[in-house]
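Asker: Here it is, the structure, as structure tokens.
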Amino acid sequence: MSEFSNPQIQAPSLWARARQRLAAFLDSDFIYRFWQSKITVLAFIWTVVLLVAGLFSHWTAPYAIFDASSFDLMDSELPPSWMTGGETRFLLGSDVQGRDLLSLMLYGLNISLIVGLISVTLSLVLGTLLGVLSGYLGGLVDTLIMRFADAMLSIPTIMFSLLISGVARGLLPKDSQAMMAMPIIVLSITLTGWMQYARTIRRLTILEKNKEYVLASKISGGRNLHIMFRHILPNVLSPISVLATLHLGLAILTEATLSFLGVGMPPDQPSLGTLINEGNQYLFSGQWWVVLFPALVLVTLSLSFNILGDWLRDVLNPKLR
Amino acid sequence: MHQDTSPAPSAPPLLSVEGLSVEFMHRKGALKAIHDVSFSLAPGEILGVVGESGAGKSLTGSAISGLLEAPGRISAGQIFFNGRRIDNLSEADRRQLRGRKISCIFQDPLTSLNPVLTIGEQLTETLRAHLPLNAQQARQRALALMAEVGISSAEQRLDQYPHQFSGGMRQRIIIALALCVEPELIIADEPTTALDVSVQAQVLSLLKRLCKQHRAAVMLITHDMGVIAEICDRVAVMYAGRLIEIGPVQQVVMQPQHPYTRGLMASIPSLTERRPRLAQIDGAMPRLNQLPDGCAFHPRCVKRTAHCSTQQPALDVSGLSRVACLNL
Amino acid sequence: MNTAKQHEPEGLPTPIVPASRHALMEVQDLHIRFDVASPGLSGLFKRQKKAVLQAVRGISFTVYQGETFSLVGESGCGKSTVARALAGLYTPSEGSIHHAGRPLTGDSTASGRGIQMIFQDPYASLNPRWRIERIIAEPLILQNRVGNTRQARPQVAAALRQVGLGEADMFRFPHEFSGGQRQRISIARALVTQPDFLICDEPTSALDVSVQAQVLNLMSDLQDNLGLTYFFISHNMSVVAHCSDRVGVMYLGRIVELGPVEEIFRHPGHPYTRMLIDAIPKIGAQPGDRQPISGDVPSPLSPPAGCAFHPRCPLASELCRLEAPPVSRLSEQHHIECHHPAAVARPHLQVLTAIHQGEDQ
């Protein structure tokens, strides 16, 4: 016996539903306004280029810099290829150890991106969870979480990261410190980044929880967990894309700052910040390229994320439509 | 364009709308929201514009008061105020007109008043913007206005903030604000919808009394037929962006001619007669981008005939009213 | 393979006999109070006087099976709070609610006991991210009557048919429907677990007049066909006059008048009821018939002493200011709370003078 009285009615398949959603999306105002804004398109393209180049640095880098046999002290301190003394082998020049700068940058980008993406993801998950719990349950839970968030917000990120880093160094045995460098940075950025998500999600949760569809679910027997994660969560996720994009730009810069200060990534796993730090020491002997190119990548990457985030915020803001 | 017969046939109309069309520019084309609306308003007359949501009545009010915002725009037609054309004015001229000759009252008394200024400040600011008064004179005027709209102990209340007043009182203050510059036309968009029933009655009677006293014409936009029957002289019925019936309130309300108006009146629960079922109009008002050919109402109309789906009915005189129907 | 045979439309047994006097919902001396002092730690430190909002201040009534009982009143009178308490969303601060003989508290699952609710705002009562089929199937899943949305499809389809929508609509999203259609979907969701008691919180207040007529007719048909009992909340007296059997008039947390609908509208006993009926714009009345009423609805945070209505009452006396009024019986079914029950004037208009019989064809 068919589910419907009219046998012509078929439930649309998953594939049909996905195709329908994709078609609606491509036709939407969102995509239209994307093409309209030239600078956003530019930022998007540059971001994609850097993401691909960085995340797949194993394949995109001309040299494998972790392999000590691939570089030679004789090639050290060579300027970029278009200048006198430069060689085409080293497109953007080489550092004091003879490593190709372009490859270094790509590996550094890889590390910066991985640290950034993981920290943002963890912040997002933690912040959203706490925001929904705080907003929906209210009362003591809300007060505790929000006051904790306020306390965390009053501590500067860099200071907190230095603190965590110092504590970790004190606790961990010497030989595992290099290995733990990345998790420690991820931890500091996560712990100082979740509050923004929590506050925004909490505000939206409070708005949603009084809506009638939540009441209808309660009356029908919906328990708190069901309502929080099946009803409210899907409806409060809209600002996350904006927050995460902006946060990614910030996270990458934060990691670079920590590495520059020497409490981030160690020299054998250099991130962009570490490179800038290294190059800084040789700046006055005239090797400007070791500082300039990583800095340019860092700045443009962060800027692109900011442009995208700002554009997203404008486009998704229902009041501006 | 000839006018329908009104109580003062010799007086030239205060407001004359001819063939007004409003459209919204969308990236996929233009969406017409108001089609070819024409009517006029005599000085001191209260005209009700009634229709369901999406019929275009609020848009008509916005177009006349000059508050229509992009992507909406007047695509055709003309609006005359006191004989002078006003739909193509510059923003500066329009602003001057809007403050002085045409006043607006909106639905939500909460957001119509600035929460950080006292009532006295808001009243005197408006007064001094349009009339040559000094601070002392403006305050005296404001006190007189508060008394006129029935707010007691006006002297103290003038220095209070909007949140210290109830919804009904706020709406009365807004009426005071609207009347303080002695406008010739007030456009009131759902002024009592957000108020409780008992307060609604007070505010409506106040509005009617003051407007007759100050000889201001009113264009009252609402979805509530009862409100229309209360205070209006004439009423215009809108459906899917068109004017489909306009005439004296007694005729349109008691003896509606257009099938839609008939259906609308019949579907209102009556206090005097209790029936097991309400008369209903099947279907729903079509969306603006899905308007049928010919008469916009014909798919739902009990009196439809073959030519209703091909011909657009024009507003023709029928008795004391004008009605847009091919089958009268 | 061709299932051409028209099967019986579901949920349409032969119409039932008129309402029996079996009490389905009994409310005794219900009080509901909310603590509205500053939340959290700041309230503790400020040591504020406890601010208590008395939303419902002692009401009692009974709803009989098969009837439509309405509570009418203006904003702040507490009718919505009563509705939610009957739905099991609030625990009474004092007094009791009994459904089918068993007490109802704030944590019981109303739906499991045959109580459901439909709401005022058609745009906020359906989860915008869920498809219609999931929305309607949810009560069945939460009640463990089916395992997942897929298994609920026949019942969802039947529910949609019952409210006059198409079965294929279950695959769409709420934003694809108009206000009136969304209310129908809400009704379908409420009826899918086959409740016997349906609480309707201003279901047509946000709808246009012609759509309201459709929805009210639908609800009337469903009541006849399914033997439902309606608890109807509204501020619109005309709607209440049309669809109720018995009416309670609320003011600031108390029921000031209660009785059969014809008596309430033809011979309103309480001054507030008369004021409400007077205030309705009546189509066809001569302008100037009405006397505007004074004052505004007071805030429920600080109800006036004695009789809550005395500041606005034309009959108010010193006694009204000091003492809460007693209950006076105007007839067997009709009672009011007033110190001056004898001083009732005839209303201006003859209301409900003509009642068409013939509800059962």
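Asker: Considering every residue within the range A:181-195, establish whether at least one is polar (S, T, N, Q), touching a Phe, Trp or Tyr at 6+ places or on another chain (Cβ under 8 Å) and open to solvent by less than 40 Å² (accessible area, probe 1.4 Å).
Answerer: Applying the first criterion (polar (S, T, N, Q)) to the range A:181-195 yields A:188, A:190, A:192.
If we keep only those that are touching a Phe, Trp or Tyr at 6+ places or on another chain (Cβ under 8 Å) too, we end up with A:188, A:192.
From what is left, the residues that are open to solvent by less than 40 Å² (accessible area, probe 1.4 Å) are A:188, A:192.
Within the range A:181-195 (the criterion being polar (S, T, N, Q), touching a Phe, Trp or Tyr at 6+ places or on another chain (Cβ under 8 Å) and open to solvent by less than 40 Å² (accessible area, probe 1.4 Å)), the answer is yes, since at least one residue qualifies.
Asker: Based on this model, can you work out whether residue A:216 counts as in contact with a Ser or Thr (Cβ under 7 Å, 6 or more places away or on another chain) and farther than 25 Å from residue A:113 by Cβ?
Answerer: Against the criterion (in contact with a Ser or Thr (Cβ under 7 Å, 6 or more places away or on another chain) and farther than 25 Å from residue A:113 by Cβ), residue A:216 qualifies.
Asker: Any idea which of A:5, A:69 is within 14 Å of chain C (Cβ to nearest Cβ) and at pLDDT below 70?
Answerer: A:5
Asker: May I ask you to list the residues in the range B:297-317 that are buried (at least 16 other Cβ atoms within 10 Å of the Cβ) and within 14 Å of chain C (Cβ to nearest Cβ)?
Answerer: Those that are buried (at least 16 other Cβ atoms within 10 Å of the Cβ) and within 14 Å of chain C (Cβ to nearest Cβ): B:297, B:300, B:301.
Asker: Same structure again: In the range B:190-243, which residue that is among the basic types (Lys, Arg) and modelled with pLDDT of 90 or more is least open to solvent (accessible area, probe 1.4 Å)?
Answerer: Per the stated criteria, the residue is B:234.
Asker: So which of C:320, C:307 ends up being outside any helix (DSSP H, G or I), surrounded by 20 or more Cβ atoms within 10 Å (Cβ to Cβ) and modelled with pLDDT of 80 or more?
Answerer: Residue meeting the stated conditions: C:307.
Asker: While we're on this one: Search the range C:53-109 for residues being without any contact (Cβ under 8 Å) to a residue 24 or more places away in the chain and among the small types (Gly, Ala, Ser), and hand back the single one that is most open to solvent (accessible area, probe 1.4 Å).
Answerer: The qualifying residue most open to solvent (accessible area, probe 1.4 Å) is C:101.
Asker: Oh, and also: Which residues, taken from the range B:140-161, are out of contact with any helix residue (DSSP H, G or I) (no Cβ under 6 Å at 6 or more places or on another chain) and within 26 Å of residue B:96 (Cβ to Cβ)?
Answerer: Those that are out of contact with any helix residue (DSSP H, G or I) (no Cβ under 6 Å at 6 or more places or on another chain) and within 26 Å of residue B:96 (Cβ to Cβ): B:140, B:144, B:148.
Asker: Right, something else. Find the strands (runs of 3 or more DSSP E) located wholly in the range B:6-97 whose residues include 1 or more that are free of Cβ contacts under 8 Å to residues at least 24 places away in the same chain, and list them.
Answerer: So the answer is B:29-41.
Asker: Here is a check on your reading of the model: is residue A:309 buried (at least 18 other Cβ atoms within 10 Å of the Cβ), of a type outside the set (A, V, I, L, M) and within 30 Å of residue B:26 (Cβ to Cβ)?
Answerer: So residue A:309 passes the test.
Asker: Criterion first (modelled with pLDDT of 90 or more and part of a helix (DSSP H, G or I)) does residue A:163 satisfy it?
Answerer: The answer is no for residue A:163.
Asker: Quick one: would you say residue C:245 is modelled with pLDDT under 95 and more than 30 Å from residue C:54 (Cα to Cα)?
Answerer: Answer is no for this residue.
Asker: Continuing with this model, one more query. For the range B:269-284, enumerate the residues that are within 8 Å of chain C (Cβ to nearest Cβ) and open to solvent by 40 Å² or more (accessible area, probe 1.4 Å).
Answerer: Once the filter is applied, which keeps residues that are within 8 Å of chain C (Cβ to nearest Cβ) and open to solvent by 40 Å² or more (accessible area, probe 1.4 Å), the range B:269-284 yields B:272, B:273, B:275, B:276, B:277, B:279, B:280, B:282, B:284.
Asker: Condition first: more than 11 Å from every other protein chain (Cβ to nearest Cβ) and surrounded by 12 or more Cβ atoms within 10 Å (Cβ to Cβ). Now tell me which residues in the range A:12-30 satisfy that.
Answerer: Passing the criteria: A:19, A:30.
Asker: Just wondering, is there one or more residues in the range B:270-292 that are over 22 Å from the mean Cα position of the chain (by Cα), within 23 Å of residue B:18 (Cα to Cα) and either at pLDDT 85 or above or among the basic types (Lys, Arg) (or both)?
Answerer: yes
The values are calculated or read from the model by the stated rules, or taken from the named source; none is laboratory data. As the structure is a prediction and not an experimental result, all values here were calculated from the model. Glycine also receives a Cβ, built like all others from the backbone with ideal geometry; neighbour counts cover every protein chain displayed. Calculation scope for accessible area: heavy atoms of the full protein, side chains included, ligands and nucleic acids excluded. Shrake-Rupley method; radii C 1.70, N 1.55, O 1.52, S 1.80 Å.
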